[in-house]
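Notes follow the structure.
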Amino acid sequence: MEEATKLGKKLINPPMELVLEGSALREIFDVHDKRVEEYTLKEELIPDNENLINIFTELALVCKSVVSCRLQPNQKAQIVKCIKQKTGLITLAIGDGANDVPMIKTAGIGVGLQGLEGTSAARSADYVISRFKFLTRLLFVHGRNSYKRTTDMILYLFWKNAMICFINLYISMFAGFSGQLPYHWLLYQIYNTFPTGILIFAYVLFDVDISPDILEAFPLIYGETNGNSDSPKDLKTLEINQQIRSKLIHFQGGKLFNFGGIVRKIVESAVHSACIIFPVQYIIQESKGVDTDGHSVGFFYATTFWWPSMVFISNTTLALTCEGWSHYHSLTLMLSIGTSLLAMIITDISDSWGLGGFTYYNLLNFCVNNPLWWYVLIMAWGSALLVTLIPQTYQTFFIPDKTIIYKIATKKTRENYFSFNNFSCCCRKNNNIDDHDDINKTM
């Protein structure tokens with residue numbers, strides 16, 4: 001096994017397959033357990049060249065496939081447990097019979113096949129499919145979309161809640177850190193509900209950036225999405241990553257969810273908050289009156305800019321993130337904006353919401369009839385929106401993601417200007433995600 005492992009590491013794409021029988025696998029695990037006991041009695045660590053489990057794992061990692069035959073149910077589970085513990089990778093096991101139940105339960109993700117072998121595997125699995133061919137769609141379509149949508153949802157929640165915190169911080173600088181709320185308490189309480197919490201459901205449930213047919217035809221897109229295609233697969237590197245992930249707090253969530261992504265979202269929220277607060281403060285300080293009667297600008301008048309700006313920016317930024325727009329997106333966006341306006345109208349028509357002396361009674365009616373209010377609101381919303389649009393435009397044109405060609409293909413397919421069959425044939429000429437010359441000529 002050591003010689004085969006060394007040979008496999010020398011090859012760039014090793015054309016190696018490993019075939020094991022139950023007796024050979026029993027020998028590996030039994031001899032390993034005996035050696036572990038011997039070195040434990042000596043109070044020593046087992047050397048790497050005598051650790052059969054490590055040698056077997058390294059050999060399995062450099063092979064294209066590992067085929068095992070005549071295995072007992074517990075041996076199937078031993079293989080999954082070995083790979084799971086040594087590498088820290090997420091393992092998937094699929095089976096259709098009762099002898100596959102231990103393996104399915106040991107794996108991180110268990111898939112049961114509903115077939116002629118009974119329902120034991122299906123009842124023990126996390127997911128149940130009726131045909132083996134559906135596993136491709138489960139992994140490369142639903143798995144990839146679930147990872148991307150969940151990551152985007154978490155980062156969106158980080159971003160919009162960090163934005164409201166930064167606004168409180170900036171206002172405290174002007175208010176002498178007195179604890180004064182920068183907006184009505186009722187609006188503050190409902191910020192994370194209907195005004196900014198509905199559109200994200202449409203995005204997570206219905207948004208499609210790449211067509212399912214394309215995702216099934218080119219499985220390499222899955223690795224490009226979560227970053228696994230660029231990560232090394234040797235045992236030492238996997239063990240180091242496993243130690244990092246074993247910590248209480250870590251940010252090893254793939255290409256989309258990592259420490260850098262969270263920091264970028266927090267910095268973006270700080271810039272968005274600054275675009276909302278500082279221009280408004282500057283214009284209000286410089287203005288001597290807000291109408292022809294000479295009314296001066298008060299604190300309550302200034303607060304009417306900040307909350308609508310946050311709501312509009314939150315929804316428009318998420319709307320720009322959506323790739324496949326549908327009537328569900330339109331409905332949730334209108335519902336978010338509509339409930340925001342309704343909440344502001346409710347605080348305006350009655351003074352019974354004036355808890356702690358903070359009231360908007362008849363103030364919004366005065367604001368919407370004032371041209372200065374609309375000018376400042378549009379300027380704050382527009383400047384914050386440019387902070388989102390400029391980096392997205394630059395990335396699209398100058399440093400595009402490797403999956404951008406498939407997103408363009410999906411959009412053209414929706415517009416009926418693109419033939420997926422031509423696209424599929426063109427890409428299959430060279431099954432390399434980096435080579436898009438033929439695709440670009442076709443498009």
message: Go through (1) modelled with pLDDT under 85; (2) closer than 30 Å to LYS411 by Cα for MET173 and report which single condition fails.
response: (2)
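Tell me the residue from SER172, SER130, SER146 that is surrounded by fewer than 18 Cβ atoms within 10 Å (Cβ to Cβ), among the polar types (S, T, N, Q) and within 23 Å of ALA274 (Cα to Cα), please.
Numbers: SER130 fails: within 23 Å of ALA274 (Cα to Cα); SER146 fails: within 23 Å of ALA274 (Cα to Cα).
On inspection, the qualifying residue turns out to be SER172.
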- request: Determine whether LEU181 is out of contact with any helix residue (DSSP H, G or I) (no Cβ under 6 Å at 6 or more places or on another chain), farther than 30 Å from ARG70 by Cα and assigned by TED's automatic domain parsing to the domain that holds GLY260.
  value: yes
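A quick yes/no check of all residues on (1) within 26 Å of the chain's Cα centre (by Cα); (2) modelled with pLDDT under 60; (3) assigned by TED's automatic domain parsing to the domain that holds GLN281; (4) of a type in the set (Ser, Thr, Tyr):
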residue: PHE366; (1), (2), (3), (4): no, no, yes, no
residue: LEU377; (1), (2), (3), (4): no, no, yes, no
residue: ILE405; (1), (2), (3), (4): yes, no, no, no
residue: ARG414; (1), (2), (3), (4): yes, yes, no, no
residue: ASN421; (1), (2), (3), (4): no, yes, no, no
residue: ASP434; (1), (2), (3), (4): yes, yes, no, no
query: Going by the structure shown, is LEU238 at pLDDT 70 or above and among the hydrophobic types (A, V, I, L, M, F, W, C)?
result: yes
task: Would you confirm whether any residue within the range 190-199 is modelled with pLDDT under 75, farther than 13 Å from ARG144 by Cα, buried (at least 18 other Cβ atoms within 10 Å of the Cβ) and in contact with a Leu (Cβ under 9 Å, 6 or more places away or on another chain)?
output: no
- request: Would you mind stating whether ILE214 is among the β-branched types (Val, Ile, Thr), at pLDDT 80 or above and out of contact with any strand residue (DSSP E or B) (no Cβ under 6 Å at 6 or more places or on another chain)?
  value: yes
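The values are calculated or read from the model by the stated rules, or taken from the named source; none is laboratory data. As the structure is a prediction and not an experimental result, all values here were calculated from the model. In this analysis, Cβ positions are derived from the backbone assuming ideal geometry, glycine residues included, and neighbour counts consider all displayed protein chains.
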